[in-house]
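Presented below is the structure to which this report refers.
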Amino acid sequence: MRLVAPRPVDTSREYARSYASYLAGLRENVEAGVGITMHGDGGSGKSTLANHLAHVCIRRHISVAFVPEYEIINALKRTFSDDNTTTIQNVVDALVAPDVLIIDDFGVARATEWVQESYHPIIDARLHESRPIILTTNLSPEQIAEQYPRQADRLNVNIDMPFAGFSYR
């Protein structure tokens, strides 16, 4: 007798519809400052879909930056180096400038007070300029609200896109 493990539930059709709807109105969503928070387990396709969105933006002449969280944190840390001429404001300006900012693996860095405060000027400026943020994260919306309360409040304009199912890795 051969035992077969049950397949995990795949909700990809649900978020595929949400994603297709977002793409159908991409320019309007970008102009309105509406982003997406893609959350779920590792390997569920969040970064792949965010990468696809970046390519669609480029093809539609919408400026976009795809930045892993660790690069943001490292760029901000480097501003404290004595031999560095880049300021925190330079880093913030570079992340506010594109029409769309995609932060990959948001919440991987421990949510220290410094990390929370480092995100605030970026997210706040983008909100005030109606520039969307696309997040990929393994954190649930509740965990984001708990670990990043100021940022979560400003990200409530984002479309919630849960990813569930099996790992593609």
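The values are calculated or read from the model by the stated rules, or taken from the named source; none is laboratory data. All values reported here derive from a predicted model rather than from experimental measurement. Note: ideal-geometry Cβ built from the backbone for every residue, glycine included; neighbour counts use all protein chains shown. Calculation scope for accessible area: heavy atoms of the full protein, side chains included, ligands and nucleic acids excluded. Shrake-Rupley method; radii C 1.70, N 1.55, O 1.52, S 1.80 Å.
For every residue, the table says whether it meets (1) touching a residue at least 60 places away in the same chain (Cβ under 8 Å); (2) under 30 Å from LEU23 (Cα atoms); (3) surrounded by fewer than 13 Cβ atoms within 10 Å (Cβ to Cβ).
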| residue | (1), (2), (3) |
| --- | --- |
| ASN51 | no, yes, no |
| HIS55 | no, yes, yes |
| ILE62 | no, yes, no |
| GLU69 | no, yes, no |
| THR87 | no, no, yes |
| VAL96 | no, yes, no |
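Considering only the range 64-122, state which residues are farther than 24 Å from ASP41 by Cβ, touching a helix residue (DSSP H, G or I) at 6+ places or on another chain (Cβ under 8 Å) and outside any helix (DSSP H, G or I).
Result: VAL64, ALA65, THR79, ASN84, THR86, ASP99, VAL100.
Right, GLY45: surrounded by 17 or more Cβ atoms within 10 Å (Cβ to Cβ), modelled with pLDDT under 90 and closer than 25 Å to TYR119 by Cα or not?
So GLY45 fits the description; yes.
Is there any pair linking a residue in the range 112-128 that is free of Cβ contacts under 8 Å to residues at least 40 places away in the same chain to one that is open to solvent by 50 Å² or more (accessible area, probe 1.4 Å), with Cβ under 6 Å and at least six apart or on different chains, and which?
HIS120/ARG150; ILE123/ARG154
(1) open to solvent by 20 Å² or more (accessible area, probe 1.4 Å); (2) assigned to a helix (DSSP H, G or I); (3) over 15 Å from PRO68 (Cα atoms): which one isn't true of ARG131, the others all being true?
(2)
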